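Each value in this text was obtained by applying a stated rule to the coordinates, not by laboratory testing. What you are looking at is a predicted structure, and each value in this text was computed from that prediction instead of being measured. Positions of Cβ are backbone-derived with ideal geometry, glycine not excepted, and every protein chain shown enters the neighbour counts.
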Amino acid sequence: MSGTVPPYSAWEPTLAAIMDSDGPVLLIGGMDVGKTTFTRLLVNRATALSRRVALLDADPGQSEIGPPGCLGLAFAEAPVASLSDLPPHALAFIGNTSPAAYLLEHAAGVRRLADLADAALLIVDTCGYIQGAGARRMHQTEFDLLNPAHVIALQRGNELEPILSPMRRRTGCRVHTPPVPEVIARKSVALRTQRRAMRFASYFGSAALHSYSFDDVSLVGTWLGGGSSLPPHLLKFVNQALWPPARVYHAELSDGHLSLMVSLPLDPGLQGLSLVQQELKNRSLTATVAPRLKHLMLGLESGNGKLLGLGLLEALDFRRRTLGVLTPIRAPQAAQIVHFGTLRLAQDGREIGSLRPGEL
Ligand SMILES: Nc1ncnc2c1ncn2[C@@H]1O[C@H](COP(=O)(O)OP(=O)(O)O)[C@@H](O)[C@H]1O
Ligand SMILES: [Mg+2]
């Protein structure tokens, strides 16, 4: 803080306008424009007036509620120093820190969490993904699902105009464009990554290994379990055709598409592949490299669709038909659904890499 001018005085008129009305309130803006800071001021202003606030954190990257890779909902009844002090009431799984390839999951998560907000003033903080057609679709969908009374659009130039243009034409919604105060600072990519790693590390700090039988859970976000497993004699044939170089641990056929879990990347020109195609008459193929699934982020969901928490894939054993998952959740046996994400994490929270959509 510098000088005598309060750092966020330019936001005063917008904050006051919202206090006079009902929500929902939707925050939109690129990275580091003050969305989360504005959200905190709004939460604190409303709770100081004894309003009950529901905060929906729709940013799976720089998360405040719950670990990254998820969306989170929290209730506030008193002002807070940091939004991350609020305990999560519910989470929704995205499986990556960028929503770009998960627009459906993101939209479903936003609406499902908003449904839990009850009569509280709903404030929705979003992520900095604003460039391109995908970002426009995401924000327009958020808008349509939430029907906000206020959109707070924070921009340093005119970068939000393509997103705001249709919103400005909607009746029943006010679009506010308060300026970005000078104190709002840009964070380096390294700092953002480090901040996520710290949140992941603290989340997985108390994790323990739990083993799930394939028979006790359903898998989502992967081809695994989505087709019919090859009978043993055909799996043996595929193994013989592709060895060397690759071992095939598991294979499924679904509507002419063959999916293989293999020990190493397959060269598309590999002779054994055409042999397999002739025999199985598959039209297309996915070959998932098993070692690339190690430490994959998983969402563990209960029978009522609630995200119980995250896990990291430690082992996938097709002979024993078990899944080894490292997770801090207290009752891992309550999980009915294992939702595969695409981000890979070390237990200390570092991001190892991401699978491509379609790789799994
Ligand atoms: N009064 C302040 N003094 C210094 N830095 C601030 C102040 N207010 C906000 N910031 C910093 O500005 C950065 C961007 O703000 P933030 O609200 O997180 O933006 P966004 O949610 O749009 O990415 C953050 O790192 C935040 O700590
Ligand atoms: Mg933010």
Just order 245-252, 214-221, 292-299 by mean Cβ neighbour count inside 10 Å, highest at the front, would you? 292-299, 245-252, 214-221
Please enumerate, by chain and number, the lysines with C-alpha under 30 Å from the C-alpha of Lys35, excluding those fewer than 8 residues away in the same chain. Lys187, Lys306
Net charge near Gly256, counting Lys/Arg +1 and Asp/Glu -1 over other residues with Cβ under 10 Å of its Cβ? +1
With +1 on the Cβ of every Lys and Arg and -1 on the Cβ of every Asp and Glu, the dipole magnitude of segment 193-360 about its Cα centre, in debye rounded to the nearest 20, is 360
Jot down the per residue volume, in cubic angstrom and as a whole number, of the convex hull over the alpha-carbon atoms of the chain. 156
Of all beta bridges DSSP finds with both residues in segment 9-186, what is the antiparallel percent, to the nearest 5? 35
For segment 193-360, state what percent of all Cα-Cα pairs lands in each successive 5 Å bin, counting from 0 Å until the bin that includes the largest distance. 2, 8, 17, 20, 18, 14, 10, 7, 4, 1, 0
Hey, what did segment 193-360 get for relative contact order, percent, Cα under 8 Å, at least 6 apart? 29
Only Lys, Arg (+1) and Asp, Glu (-1) charged, at Cβ; the chain dipole about Cα centre in debye: 440
From the phi angles alone, apply the Karplus equation (6.51, -1.76, 1.60; θ = phi - 60°) to segment 334-339 and give each ³J(HN,Hα) in whole Hz, x where the residue is Gly or Pro. 6, 5, 10, 10, 10, 9
Any idea which of Leu258, Pro7, His139 is furthest toward the positive side of the dipole for the chain, if Lys and Arg beta-carbons carry +1 and Asp and Glu beta-carbons -1? Leu258
Using Cα pairs closer than 8 Å and at least 6 residues apart in sequence, work out the relative contact order for segment 9-186, in percent. 30
What does the charge dipole of segment 117-245 about its Cα centre add up to, to the nearest 20 debye, if the Cβ of each Lys and Arg holds +1 and the Cβ of each Asp and Glu holds -1? 520
To the nearest 10 degrees, how steep is helix 271-280 against the longest Cα principal axis of the chain, on a 0 to 90 scale? 90
Calculate how large, on average over all directions, the projected area of the Cα convex hull of segment 292-360 is; give the answer in nm² to one decimal. 5.0
Return a whole-number percent for the relative contact order of the chain, with Cα pairs under 8 Å and 6 or more residues apart as the contact set. 17
Using the Cα centre of the chain as origin and beta-carbon charges of +1 (Lys, Arg) and -1 (Asp, Glu), tell me which of Thr97, Met31, Asn239 is placed farthest towards the positive end of the dipole. Asn239
Amide H neighbours of Leu122 under 5 Å, at least 5 residues apart or on other chains, H built in the peptide plane: list them. Gly23, Val25, Ala54
Only helices counted: for the chain, with every DSSP H run of 4 or more residues adding -39500 (n - 2.57) and the sum spread over all residues, [θ] at 222 nm is -8000 deg cm²/dmol
For segment 9-186, alpha-carbon Rg and Dmax in angstrom: 14.6, 40
Would you list, by chain and number, the lysines whose Cα falls below 19 Å from the Cα of Lys281, excluding same-chain residues fewer than 8 positions away? Lys236
By average Cβ neighbour count within 10 Å, what is the ranking of 338-348, 98-108 from highest down? 338-348, 98-108
For the chain, share of DSSP beta bridges that run antiparallel, in % to the nearest 5: 60
If amide hydrogens are placed 1.01 Å from N in the peptide plane, which non-local residues have theirs closer than 5 Å to the one on Ala287? Leu260
Give the long-range amide H neighbours of Val248: residues separated by 5 or more places, or on another chain, with amide H under 5 Å away, using H modelled in the peptide plane at 1.01 Å from N. none
